[in-house]
1. What tally of residues in the range 105-115 results from selecting those that are touching a helix residue (DSSP H, G or I) at 6+ places or on another chain (Cβ under 7 Å) and either of a type in the set (Asp, Glu) or without any contact (Cβ under 8 Å) to a residue 12 or more places away in the chain (or both)?
2. Filter the range 62-73 down to the residues that are outside any strand (DSSP E or B) and in contact (Cβ under 8 Å) with a residue 40 or more places away in the chain, then identify the one that is surrounded by the fewest Cβ atoms within 10 Å (Cβ to Cβ).
3. Working only within the range 137-159, note down all residues that are within 17 Å of the chain's Cα centre (by Cα) and either surrounded by 11 or more Cβ atoms within 10 Å (Cβ to Cβ) or of a type in the set (Lys, Arg) (or both).
4. Of everything in the range 116-143, what is among the charged types (D, E, K, R), in contact with a helix residue (DSSP H, G or I) (Cβ under 6 Å, 6 or more places away or on another chain) and assigned to a loop (DSSP other than H, G, I, E, B)? Give them in sequence order.
5. Somewhere in the range 37-48, is a residue within 17 Å of the chain's Cα centre (by Cα), surrounded by 15 or more Cβ atoms within 10 Å (Cβ to Cβ) and assigned to a loop (DSSP other than H, G, I, E, B)?
6. Suppose we filter the range 144-158 for residues that are part of a helix (DSSP H, G or I), in contact with a helix residue (DSSP H, G or I) (Cβ under 8 Å, 6 or more places away or on another chain) and closer than 17 Å to residue 20 by Cβ; how many remain?
7. I want to confirm something. Restricting to the range 116-139 and keeping residues that are hydrophobic (A, V, I, L, M, F, W, C) and free of Cβ contacts under 8 Å to residues at least 24 places away in the same chain, which single residue is farthest from residue 90 (Cα to Cα)?
Amino acid sequence: MKIIVISYSFTGNNEALASCVAKELPAEHIRISEPKSRTMGTIILDMIFSRTPLVQPAPDILGNYDFILFFGPVWMGQVAAPLRAHFKYLKTHPHKYGFISISGGADSTNPKLTGELRKRTGVDPAVFIDMHIADLLPANPKPARKDTSAYQLDDVDMKKLTHTIMKMLKDVI
């Protein structure tokens, strides 16, 4: 099975985790990039107006793979906007895919995320893992958004999270 790992990361956490998982699989890892710098303002506008930014590489590269594993953050309960072009491609060119995210989680869980993935791709993901940085931090005091947004995964986190992901992927791939 030919597998590709596609990642987008604003803070670097999803990128680092995607890289570790790609090495374990093994799979090609491609990072999504944008021609313009992203700001909190553009994140908010993209989420409010459901915008799909231009990204590189173009989504048509997905046609060469049997399984596509996406890594990216969740913003305001939605998939990060830079991944949307690739999801739109899947809606017209169905492929087996998975979605994995490590994001803040200080505000709450993301109960509508699988529904959004289904809406954007036309099908449910074969694997869905929504992890939260808040779960890596001490529970008392309760982690705040400023704590989770500034957190950088360390080697111990990466090893633990990669192990968890690989166990879940074993039944799918």
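Each reported figure results from applying straightforward, stated rules to the coordinates on display, with no laboratory input. Every value quoted in this text rests on a predicted model; they were computed, and no experiment measured them. Every residue, glycine as well, gets a Cβ built from its backbone with ideal geometry; the counts of neighbours run over all protein chains shown.
1. Kept after step one, since they are touching a helix residue (DSSP H, G or I) at 6+ places or on another chain (Cβ under 7 Å), are these residues of the range 105-115: 105-107.
Among the residues that remain, those that are also either of a type in the set (Asp, Glu) or without any contact (Cβ under 8 Å) to a residue 12 or more places away in the chain (or both) are: 107.
Qualifying residue count, the range 105-115: 1.
2. Taking the range 62-73 and keeping what is outside any strand (DSSP E or B), we get 62-66, 72-73.
Adding the requirement that they be in contact (Cβ under 8 Å) with a residue 40 or more places away in the chain leaves 62, 64-66, 72-73.
Details: 62: 18, 64: 9, 65: 19, 66: 11, 72: 26, 73: 21.
Selected residue: 64.
3. So the first thing to find is which residues in the range 137-159 are within 17 Å of the chain's Cα centre (by Cα), and the list is 148-149, 151-153, 157-158.
Hits for the range 137-159 are 148, 149, 151, 153, 157, 158.
4. Result: 124, single match.
5. Quick first cut of the range 37-48, residues within 17 Å of the chain's Cα centre (by Cα) only: 38, 43, 46-47.
From the residues that got through so far, the ones that are surrounded by 15 or more Cβ atoms within 10 Å (Cβ to Cβ) too are 38, 43, 46-47.
If we keep only those that are assigned to a loop (DSSP other than H, G, I, E, B) as well, we get 38.
Within the range 37-48, one or more residues are within 17 Å of the chain's Cα centre (by Cα), surrounded by 15 or more Cβ atoms within 10 Å (Cβ to Cβ) and assigned to a loop (DSSP other than H, G, I, E, B).
6. 2
7. Kept after step one, since they are hydrophobic (A, V, I, L, M, F, W, C), are these residues of the range 116-139: 117, 123, 126-129, 131, 133-134, 136-137, 139.
From the residues that got through so far, the ones that are free of Cβ contacts under 8 Å to residues at least 24 places away in the same chain too are 136-137, 139.
Working: 136: 32, 137: 35, 139: 38 Å.
The qualifying residue farthest from residue 90 (Cα to Cα) is 139.
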